[in-house]
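Below: one structure, written as structure tokens.
Values in this text are rule-based calculations from the coordinates and carry no lab data. Fair warning: this is a prediction, and the values are worked out from it, not measured in the lab. Counting neighbours? That spans all protein chains shown, and the Cβs are built from the backbone with ideal geometry, glycine included.
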Amino acid sequence: MSPAPDPPFESQPQGISLDVLAEAFAQVMGGQPRRTEAAAPDGEPAVAPAAVEAADVAPPVAEPPLPQAAEADDSCPLNPRTILEAMLFVGNRENRPLSGARAAELMRDVEADEIPPLVDELNRSYEARGAPYRVVGEGDGYRLTLCRELRALRDRFYGRLREARLSQAAIDVLALVAYQQPLTGEKISRLRGRPSNPVLSQLVRRGLLRIERPETKPRAPLYYTTDRFLRLFNLQSLDDLPRSEEAGPP
């Protein structure tokens, strides 16, 4: 008899942390029984829950060209620094950090290696005038964010984020991809011993996994983790994942 498909994505709610992710990978690869998490004194799970914004990731759309300094006549000076600041302020639909290569691509006569000095200039300017925000590095890109001292104010202003807990099936799939990417859906299902396509689709919709289709085998898409996955677990890169014997080298 074929294994039963996984339950709906948001059933079996539980907390998730880096340790839980690493353990899930070890369990799937080694077939060992899962340990039971000890309860905290107040009865909550010992691991901290991970909030995953429930809104779907919007599809990419064509972007209008950015204004160039030579073509503008405005009270705000248009130069590489102010254009970079504007891009960081606006952000993008996928809420991904802005990479230096992408920023340079959108500006005229600017190379990617010129972006870090521009970021330093912006941060010196913010610090000098006591601005409540800074440009911070995240993964291979940059993000404009509030200073740490003011993040509590942001949380009070917006209120508590709506949370969607990850089921154990989602954690298992996420762990497999995180530690062994890229993986095909077929291999993930084989490693887990049950169909995984519905869970994969949900993780892609929530922006935690992304798909690439190789030119040689477009019908066998490969799954990778995303920048949103790194933010969720507060990682600078996949090299920061907890390593274990089952996970092997980074």
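Worth a mention:
- Relative packing of peptides 114-120, 210-216 - highest average C-beta neighbours within 10 Å first: 114-120, 210-216
- Sorting 126-139, 165-178 by their mean Cβ neighbour count within 10 Å, with the most densely packed peptide first, gives 165-178, 126-139.
- FRET efficiency for Arg190 and Arg129, using Cβ-Cβ distance with R0 set to 51 Å, rounded to 0.05: 0.35
- Derived scalar couplings ³J(HN,Hα) [the stretch 167-176; Karplus, 6.51 cos²θ - 1.76 cosθ + 1.60; whole Hz; x for Gly, Pro]: 6, 4, 4, 5, 4, 4, 5, 4, 5, 4
- Here the label points at Gln236 and Arg205, each 7 Å from Cα along the C-beta direction, are separated by 3.5 nm in the simple model.
- Two-decimal ratio, the stretch 69-158, of alpha-carbon radius of gyration to 2.2 N^0.38 Å: 1.14
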